[in-house]
Every structure is written in C-alpha cells, then in structure tokens.
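Before any comments, here is the structure.
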Amino acid sequence: MRLDRGWIERHIPHHGRMCLLDEIIDWDAQHIRCRSGTHRLPDHPLRSGDRLGIACGIEYAAQAMAAHGALADLENRPEAGFLAGVRNVRLHVVRLDDIATDLYCDATLVAGDRGTALYEFALRSEAQRLLSGRATVIFDANTRLTHE
C-alpha cells in the first residue's frame with residue numbers, strides 16, 4: 001500500500017514545502033522506498049541561488065528514514081530523532097534541480113534500537129545513482145541527555 005504526502009506530513013517533523021517526499025512506494029521492517037518530484041520546484045526551500053546542490057539529497061534520505069521510523073513502530077516509536085552523522089557519502093552528480101525525472105530514495109536499516117539507528121541510503125533518478133552513504137540517527141536525544 002502506497003502512502004501519500006499527507007500521511008508523510010502527519011508522521012515526520014517536516015511540513016509544507018519542507019516536506020520533500022511525495023510518496024512512500026514500499027516498505028518493510030528493514031527498508032523504505034520513497035518518490036519525490038520536489039527537486040524541480042523553483043521555490044524549493046533548500047535552493048541556494050538558482051540551484052539545488054546534490055548534498056541536499058541527504059535531507060531526502062533523512063526524511064525517508066524518519067518515515068521508516070514512523071512506519072516501523074507507530075505505537076512505540078520515539079517522539080523525535082535527529083541526524084547525528086553521515087559517512088561514506090558518495091556524490092555522483094553536482095546538482096538535483098537539473099534532474100528531469102522523479103527521485104527515488106531507498107533507506108535500509110542496518111542496525112538499531114530505541115536509542116539509535118544506522119541506515120544505508122541511496123538517492124536515484126530513473127537513469128542513475130545520484131547519492132549514497134550511511135547515516136546515524138539518534139532518538140529522543142534531549143530527553144536522554146537530561147536524564148543520564
């Protein structure tokens with residue numbers, strides 16, 4: 001079952017123009033695949049001047065990970081998470097705004113618990129890989145830091 005932008009906005013912290021994903025295409029306990037066409041918008045919130053650099057693709061991946069966290073355990077998921085770091089990031093193009101086709105973002109949970117998660121991610125167009133890497137997500141960091 002596909003989930004639309006409305007579902008995504010209700011379940012991740014990003015709303016309005018800052019919600020970059022249009023649709024969740026597929027997911028299971030370890031993986032999520034999302035689609036987006038927002039990179040072509042002239043008023044994209046991450047544009048700098050007249051361009052949307054490829055590094056902005058990391059935000060697409062982060063939002064896919066947030067959506068996966070919401071889907072993986074709707075009743076017991078932590079309230080909030082943040083991207084603590086990225087590693088092994090490979091940039092295969094210079095910019096996103098000149099990609100004519102939709103973007104597809106895959107995120108795969110490599111390891112995790114209630115406190116952290118490690119994901120591998122890749123952003124592709126129909127024709128090529130655009131960006132890939134690994135990301136560490138920390139959940140409820142403010143709560144954990146004030147109680148430890």
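Report yes if residue 20 is closer than 20 Å to residue 129 by Cβ, touching a helix residue (DSSP H, G or I) at 6+ places or on another chain (Cβ under 6 Å), open to solvent by 80 Å² or more (accessible area, probe 1.4 Å) and at pLDDT 95 or above, otherwise no.
no
Would you mind finding the one in 46, 91, 41, 83 that is touching a helix residue (DSSP H, G or I) at 6+ places or on another chain (Cβ under 6 Å), open to solvent by 60 Å² or more (accessible area, probe 1.4 Å) and either at pLDDT 95 or above or under 14 Å from residue 19 (Cα atoms) (or both)?
After applying the criteria, what remains is 91.
Has segment 114-121 got at least one residue that is open to solvent by 60 Å² or more (accessible area, probe 1.4 Å) and more than 21 Å from residue 9 (Cα to Cα)? Outline the logic, then answer.
Taking segment 114-121 first, the residues open to solvent by 60 Å² or more (accessible area, probe 1.4 Å) are 114, 120.
Next cut, more than 21 Å from residue 9 (Cα to Cα) only: 114, 120.
Looking through segment 114-121, at least one residue is open to solvent by 60 Å² or more (accessible area, probe 1.4 Å) and more than 21 Å from residue 9 (Cα to Cα).
List, please: which pairs have Cβ atoms under 7 Å, are six or more places apart or on different chains, and start with a residue in segment 96-109 that is open to solvent by less than 30 Å² (accessible area, probe 1.4 Å) and of a type in the set (Lys, Arg) and end with one that is at pLDDT 95 or above and assigned to a strand (DSSP E or B)?
Every condition considered, no pair remains.
Which of the residues belonging to segment 110-125 are without any contact (Cβ under 8 Å) to a residue 24 or more places away in the chain, closer than 17 Å to residue 140 by Cβ and of a type in the set (D, E, K, R)?
Of everything in segment 110-125, just one residue is without any contact (Cβ under 8 Å) to a residue 24 or more places away in the chain, closer than 17 Å to residue 140 by Cβ and of a type in the set (D, E, K, R), namely 113.
Need a quick list: strands (runs of 3 or more DSSP E) entirely within segment 37-124 having at least 1 residues that are farther than 20 Å from residue 2 by Cα and under 13 Å from the mean Cα position of the chain (by Cα). Please lay out each step first, then the result.
Values: elements: 81-91, 103-112, 116-124.
Of the strands (runs of 3 or more DSSP E) lying wholly inside segment 37-124, those with at least 1 residues that are farther than 20 Å from residue 2 by Cα and under 13 Å from the mean Cα position of the chain (by Cα) span 81-91, 116-124.
Pull out all pairs, ordered by first then second residue, where Cβ-Cβ is under 7 Å, the residues are six or more apart or on different chains, the first lies in segment 38-64 and is free of Cβ contacts under 8 Å to residues at least 24 places away in the same chain, and the second is open to solvent by 60 Å² or more (accessible area, probe 1.4 Å).
none
With respect to residue 8, is the statement that it is open to solvent by less than 20 Å² (accessible area, probe 1.4 Å) and in contact with a Leu (Cβ under 8 Å, 6 or more places away or on another chain) true?
Against the criterion (open to solvent by less than 20 Å² (accessible area, probe 1.4 Å) and in contact with a Leu (Cβ under 8 Å, 6 or more places away or on another chain)), residue 8 qualifies.
The values are calculated or read from the model by the stated rules, or taken from the named source; none is laboratory data. Keep in mind the model is a prediction, meaning the values are calculated, not measured. Note that we place each Cβ from the backbone using ideal geometry, even for glycine, and neighbour counts take in every protein chain shown. Accessible surface areas use protein heavy atoms only, side chains included; no ligands, DNA or RNA. Shrake-Rupley method; radii C 1.70, N 1.55, O 1.52, S 1.80 Å.
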